[in-house]
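Visitor: Mind having a look at this structure? Questions to follow.
The values are calculated or read from the model by the stated rules, or taken from the named source; none is laboratory data. The structure presented is a predicted model; accordingly, all values stated were derived computationally and were not measured. No Cβ is skipped: glycine too gets one built from the backbone with ideal geometry, and neighbour counts run over all protein chains shown. What goes into the accessible areas is simple: the full protein's heavy atoms, side chains included, and nothing from ligands, DNA or RNA. Shrake-Rupley method; radii C 1.70, N 1.55, O 1.52, S 1.80 Å.
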Amino acid sequence: MAAGWLWRWLCQGSAFPVSYASRIMQKQSFLPSSTLLGARLAGSHVETQEPKTNPLVSISDEPETLYKRLSILVKGHDKAVLDSYEYFAVLAAKELGISVEKVDKPPKTIERFTLLKSVHIYKKHRVQYEMRTHYMCLELKYLTSSTAAVYLEYVQRNLPEGVAMEVKKTKIEKIPEHIQKPVWDTLPQVEETEVKS
């Protein structure tokens, strides 16, 4: 019923909102997708909409900063949480097309405290408490600054509670011009003198 009503309206050349027409035509499976921005119907004029630009995306002429290595050290007290976070971080890196150099687990550190059970006396009776800190080191290689920023923001926002993160970036820089030429080419020639004895 709706298709016949729409067909009569199109044949008459009446103007109606494009979004309404696209909704009706999609319901009747006339259009495969919702990419209809504007249309010119028989005898009517409908303004086309300009494609929307994202104000959050900025385009600059500055060259990208290249990083040779991005080292992420994660520390926490629960080994199972760190193992789960390692899986998440590696999976996120693979989804972004970042090459993972290595995933390393440095040895855990154990910090022990010995306290007396009693407040005043009974020195023989003591209690020991310990804090175990587990580590996980993830090294990524050959990143641009924009890729590193996106990855780090995503990984840091999903950092579990009780887990700390340290990030070290190794930047690739051009060799300065005063170092590019060998120094021995610019030194004056020194005459060697023979010593007679």
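Visitor: Go over the candidates ALA164, ALA93, ALA89 one by one and state the one that is small (Gly, Ala, Ser) and touching a helix residue (DSSP H, G or I) at 6+ places or on another chain (Cβ under 6 Å).
Guide: Among ALA164, ALA93, ALA89, only ALA89 is small (Gly, Ala, Ser) and touching a helix residue (DSSP H, G or I) at 6+ places or on another chain (Cβ under 6 Å).
Visitor: Does any residue in the range 52-77 that is closer than 16 Å to LEU143 by Cα and of a type in the set (Asp, Glu) come within less than 8 Å, Cβ to Cβ, of a residue that is modelled with pLDDT of 70 or more and open to solvent by less than 100 Å² (accessible area, probe 1.4 Å) six or more places away or on a different chain, and which pairs are these?
Guide: Partner pairs satisfying both residue conditions: GLU64/THR144; GLU64/SER145; GLU64/SER146.
Table: residues versus (1) within 16 Å of the chain's Cα centre (by Cα); (2) under 20 Å from ASP83 (Cβ atoms); (3) open to solvent by 60 Å² or more (accessible area, probe 1.4 Å).
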| site | (1), (2), (3) |
| --- | --- |
| MET131 | no, yes, yes |
| GLU139 | yes, yes, no |
| LEU143 | yes, no, no |
| ALA148 | yes, no, no |
| LYS168 | yes, no, yes |
| GLU177 | no, no, yes |
| GLN180 | no, no, yes |
| PRO188 | no, no, yes |
| GLU191 | no, no, yes |
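Visitor: Mind checking whether some residue in the range 99-110 is over 30 Å from THR147 (Cβ atoms) and either touching a Cys at 6+ places or on another chain (Cβ under 8 Å) or in a loop (DSSP other than H, G, I, E, B) (or both)?
Guide: Yes - at least one qualifying residue is present in the range 99-110.
Visitor: Within the range 111-120, restricting attention to residues that are in a strand (DSSP E or B) and either open to solvent by 100 Å² or more (accessible area, probe 1.4 Å) or hydrophobic (A, V, I, L, M, F, W, C) (or both), which residue is farthest from LYS68 (Cα to Cα)?
Guide: LEU116
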